[in-house]
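A quick write-up on the structure given underneath.
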Amino acid sequence: SNYVPLKAFLGLTSINFSKLREKIKYLNFLSSDKDNYFSSNFGGTYFTFSNAKKIGRMREEIEIISDDDDEKCLLLTSLIYAVDKVANTVGHYDAYRRSLDSVSPIKMLMPDVYPQINYNNLVFKEDANQIIRKIECDILYLDPPYNSRQYSDSYHLLENLVDWKKPELFGIARKMDRSHIKSKYCLKNARETFEDLIINARAKHILLSYNNTKN
């Protein structure tokens, strides 16, 4: 769910804007009166039932109407931002607010992308400790997790929405199995993992963002 918008904003070099605009308009006008995977799991909690039904319908249609992976990436990016705007949360999905007060209807918008400036960009979706062995750069900026809280616990819903394999969910927060996307930087062996990254880095300068929160 991070890779998709990064690819859309930084990785695409050619976009048919008129076609994309028409498809976003089509998705916004979809009817959504039937329950689906998304509304059954997230309606009435993270979203109003009407929004949850619409989100599920939009996601299904994106699978059908996308001409290629690039267009799908753009449509999913628009959906991610639209979903986050109407979510009944405090910015993440580890829990939802008891009072369902985010009631505005969901609306997808055109992503503000500039493909003409992306020709020298590469966007990866891979373990950083593996990527570091394949690349070299002038400036390496690192922003790893800094405590035991896994990012996938807080953003499972967006990951589920983008991946769209409709896994079985559990608990009050309706989370999926996240063992395949757990970060070693949140575990006891984080020091060894980080050391491996630095040792294998081929960069003139390394900039590190790291919080000193002790928990």
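Assorted remarks:
- Three-way shape label, the chain, alpha-carbon gyration tensor, a/c 1.5: oblate
- 5 angstrom amide H check on residue 175, placed H, neighbours 5+ away: 170
- Percent of Cα pairs exceeding the 15 Å cut-off, where the set is the range 19-62: 37 percent
- Accessible surface of the range 1-156 [probe 1.4 Å, protein heavy atoms]: carbon and sulfur percent: 51 percent
- Burial ranking of peptide ranges 181-193, 148-160 (average Cβ count within 10 Å, highest at the top): 148-160, 181-193
- Residue of 21, 59, 133 that the Gaussian network model of the chain assigns the largest fluctuation, springs spanning Cα pairs under 10 Å: 133
- Summing Cβ point charges (Lys, Arg +1; Asp, Glu -1) relative to the Cα centre of the chain gives a dipole of roughly 500 debye.
- Database remark: amide H of residue 142 closer than 5 angstrom to the amide H of 207, 208, 209 (H placed geometrically; neighbours at sequence offset of 5 or more, or on other chains; Pro and chain starts carry no H).
- log₁₀ of I(q)/I(0) at q = 0.20 Å⁻¹ - the range 5-102, Debye sum with one point per alpha carbon: -1.00
- Based on DSSP H segments of at least four residues, each scored -39500 (n - 2.57), the chain has a per-residue ellipticity at 222 nm of -11000 deg cm²/dmol.
- Selected from 102, 87, 62, residue furthest toward positive end of dipole (the range 1-137; charges at beta carbon): 102
- For the range 1-99, a simple Cβ point-charge model (Lys and Arg +1, Asp and Glu -1, everything else neutral) yields a dipole of about 440 debye relative to the Cα centre.
- Where N is the number of residues in the range 129-175, Cα Rg divided by 2.2 N^0.38 Å: 1.65
- Anisotropy class of the range 57-181 from Cα gyration tensor, a/c 1.5 cut: oblate
- Rolling a 1.4 Å probe over the heavy atoms of the protein chains gives the chain an accessible area of 61 Å² per residue.
- Less than 5 angstrom separates the built amide H of residue 47 from those of 88, all sequence-distant by 5 or more or on a different chain.
- With a threshold of 24 Å on the Cα-Cα distance, the over-threshold entries among 23/182; 19/107; 134/165; 23/85 are 23/182; 134/165.
- Between 0 and 90°, nearest 10: helix 17-28 axis offset from the chain longest Cα axis: 60 degrees
- Placing unit charges on each Cβ (+1 for Lys and Arg, -1 for Asp and Glu) gives the range 87-190 a dipole about its Cα centre, and among 150, 172, 129 the Cα reaching farthest toward its positive end belongs to 172.
- Span from the the range 1-57 Cα centroid across to the the range 148-192 one, whole angstrom: 21 Å
- For the range 110-174, the dipole from Cβ point charges (+1 on Lys and Arg, -1 on Asp and Glu) about the Cα centre works out to 220 debye, to the nearest 20.
The values are calculated or read from the model by the stated rules, or taken from the named source; none is laboratory data. Predicted, not measured: the structure shown is a model, and the values here were computed from it. FYI the Cβ positions are ideal-geometry reconstructions off the backbone, even for glycines, and counts take in every protein chain you see. Accessible surface areas use protein heavy atoms only, side chains included; no ligands, DNA or RNA. Shrake-Rupley method; radii C 1.70, N 1.55, O 1.52, S 1.80 Å.
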